[in-house]
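This report refers to the structure that appears directly beneath it.
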């Protein structure tokens, strides 16, 4: 009878790692970030948005000109060393006002989106997880709210609360959470019957734990992508309201307000209109590029 040593021979050192597959151990966040960085448009959008946010926050603080300071001696001037974007019809520095307007528009976009995110996730998650008659009632309420155009809510709130930042944000939030609620509901309905959710229920996990720690966590991909699309929608809505004259009123100035102020002198001084519109376009394109990159990074199986 042969001994075990006669059946096997020692492996040489150079042969030990021939079948070893070296792979870096990455967390979910690092893996998403590495895939996101491979999308050049998404990375370009992130850089541009970061630059706009930093300038909007700190630019008016270090500018030598106040956003509402008037000097009729230098009104309607073009770009110069003293005034990078020129001045408006009242002699106010356009560069400072554009940065200040970007701050207001970005604040409205991010705050309104955060409110819509919380309401939509909670509403859609509860409707999708509970199901049955409660789901039917909750979604019929959504249909009723959605049946009325969002602009009607905004105009009514402007009449009741006045033209200010808070009324604009409330008007955007009245019906802005509906799409998020529908997305979260569909995700929860598709996930709650899967094995990990059933296993958590069998092991005695509470309803709140299953919903927040299992179902909503696994729905983060579509939620994050939807958020990146909701922010430019809120910014564009505020800009449109201000441009038609029912948005934020003076002395505050958003990007839409600046475009509305320059409308009367568009043919003579077109640059006064171009600068705020260019910043709006830059922010919207940046967020759309980021949304595209996040969609690919969070759902790599969906890439072609």
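Coordinate-derived values only; no laboratory data. Note that this is a predicted model, so its numbers are computed, not measured. Don't worry about glycine lacking a Cβ; one is built from the backbone with ideal geometry, like all the others, and counts go over all protein chains shown.
A few comments on the model shown:
- Those residues of the stretch 205-239 whose amide nitrogen sits under 14 Å from the label point placed on residue 130, 7 Å along Cα→Cβ: 207-208
- Rounded to 10°, Cα long-axis angle of helix 178-191 versus longest principal axis of the chain: 0 degrees
- FRET efficiency for the pair residue 203 and residue 118, taken as 1/(1 + (r/R0)^6) with r the Cβ-Cβ distance and R0 = 30 Å, rounds to 0.60.
- Over the chain, Cα pairs under 8 Å with separation of 6+ residues give a relative contact order of 24 percent.
- Between residue 218 and residue 71, the C-beta separation translates, for a Förster distance of 45 Å, into a calculated FRET efficiency of about 0.20.
- Residues listed by number, the stretch 162-182, amide nitrogen under 18 Å from residue 148 label point at 7 Å toward C-beta: 162, 167-179
- Here the spin labels are modelled as points 7 Å beyond Cα on the Cα-Cβ line, and at residue 47 and residue 165 they lie 3.0 nm apart.
- Ranked list, fewest to most other Cβ atoms within 10 Å of each Cβ, for 41, 92, 35, 140: 140, 41, 35, 92
- For the chain, calculated [θ]222 nm from helices alone, where every DSSP H run of n ≥ 4 adds -39500 (n - 2.57): -21500 deg cm²/dmol
- Shown here: mean projected area of the Cα convex hull in nm², derived from the displayed model; of the candidates [x] 21.1; [y] 16.3; [z] 27.1, it corresponds to [z].
- Shape summary: the stretch 237-285 maps onto an equivalent ellipsoid whose semi-axes, from the alpha-carbon gyration tensor, are 16, 15, 8 Å in decreasing order.
- Whole-number percent relative contact order across the stretch 42-145, with pairs defined as alpha carbons under 8 Å at least 6 apart: 20 percent
- The chain: angle of helix 220-243 to the longest principal axis, Cα-based, in degrees nearest 10: 10 degrees
- Projected area, mean over directions - the stretch 112-227, Cα convex hull, nm²: 7.7 nm²
- Equivalent-ellipsoid semi-axes for the stretch 24-150 (Cα gyration tensor, √(5λ), whole Å, largest first): 43, 25, 11.
- The alpha carbon convex hull volume per residue for the stretch 78-158 rounds to 123 Å³.
- Cα-based convex hull, the stretch 36-95, per residue volume (Å³, whole number): 101 Å³
- Highest-fluctuation residue, 73, 259, 56 considered, GNM on the chain with Cα pairs under 10 Å: 73
- Distant alpha-carbon pairs in the stretch 159-265 (separation over 18 angstrom), percent: 61 percent
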